[in-house]
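A short write-up of the structure that comes next.
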Amino acid sequence: MRVLLIGANGLLGRAVHEAFNAQGYDVVPASRTTGEHVDLNDTDSIAGLFQRVGMVDAVASAAGVTPFAALSELTLDQYRAGITDKLLGQIALVNLGAAHVRDGGSFTLVSGILGEDPIATGSVAATVNGALYSFVRAAAIEMPRGQRINTVSATVFTEAWESYGPYFPGYVPVPVADVARAYVKSVAGKQTGEVYRVGS
């Protein structure tokens, strides 16, 4: 199976890459900094990526950035930044990538626990993640040629707890390897329109 992995250079992306390798998948890594270059803020960059890579069996995204700040301090530009990058960037992966995914192939997007269990300073992430839940469910009923689409929604990672734990009081962190296994489940399974919750 040939899988295009977006965001392959991040903490989650590296774990997903390892999980896919363990399955024997042919992984094509892409990110802003290593592997095939792609910028989710630039539809020309996304289109160019698919043109270079050609046909794949699956697209998995572990990319997307949202700003964090108190509600009273957030600007509309910060909301636009999060929506453009993590939400519209991943929607563009599906819209532009569908023609490059084989019949019966799949898309796996990344969302997050804040879409249903928000924290202070996390309203942009909550907005974007909630929208991704809705997009995946809606897109699932219209995907062409038997293609599937799901999203992985995890809580904070154990490996990032030292930095992010103070922002998630009372949350139970999960190892990033557990989150990566949800990507395998999405790619290898038959379900569509699912939100794979890990640790939520």
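Put in order of Cβ neighbour count within 10 Å, fewest first, the listed residues I149, I113 become I113, I149.
Dipole magnitude for the chain: computed about the Cα centre from +1 point charges on Lys and Arg Cβ and -1 point charges on Asp and Glu Cβ, it is near 520 debye. Taking every DSSP beta bridge that has both ends in the chain, the antiparallel portion is near 0%. What FRET efficiency comes out for the pair S134/A177, r = Cβ-Cβ distance, R0 = 35 Å, nearest 0.05? Once the sixth-power term is evaluated, E becomes 0.80. Once the mean of 1/r is taken over each pair of separate Cα atoms and inverted, the stretch 86-200 shows a Kirkwood hydrodynamic radius of 14.6 Å.
Can you give the net charge of the other residues whose Cβ lies under 11 Å from the Cβ of V38, counting K and R as +1 and D and E as -1?
Overall, the nearby charge balance is -2.
Each label was represented as a point 7 Å from its Cα along the Cα-to-Cβ direction; for W161 and E116 these points are 2.3 nm apart.
Hey, what did the chain get for relative contact order, percent, Cα under 8 Å, at least 6 apart?
Details: 404 pairs, mean separation 41.2, N = 200.
Reported as a whole number, the value is 21 percent.
Helix-derived [θ] at 222 nm for the chain: sum -39500 (n - 2.57) over DSSP H runs of at least 4, divide by residue count, nearest 500? Don't skip to the end; give the middle numbers.
Working: 7 runs with 74 residues, N = 200.
It comes out at -11000 deg cm²/dmol, rounded to the nearest 500.
Quick note: the coordinates plus some simple rules give every number you see, no bench work behind them. All figures in this text were calculated on a predicted structure; none of them were measured in a lab. Here Cβ is always computed from backbone atoms with ideal geometry, including for glycine, and neighbour counts include all displayed protein chains.
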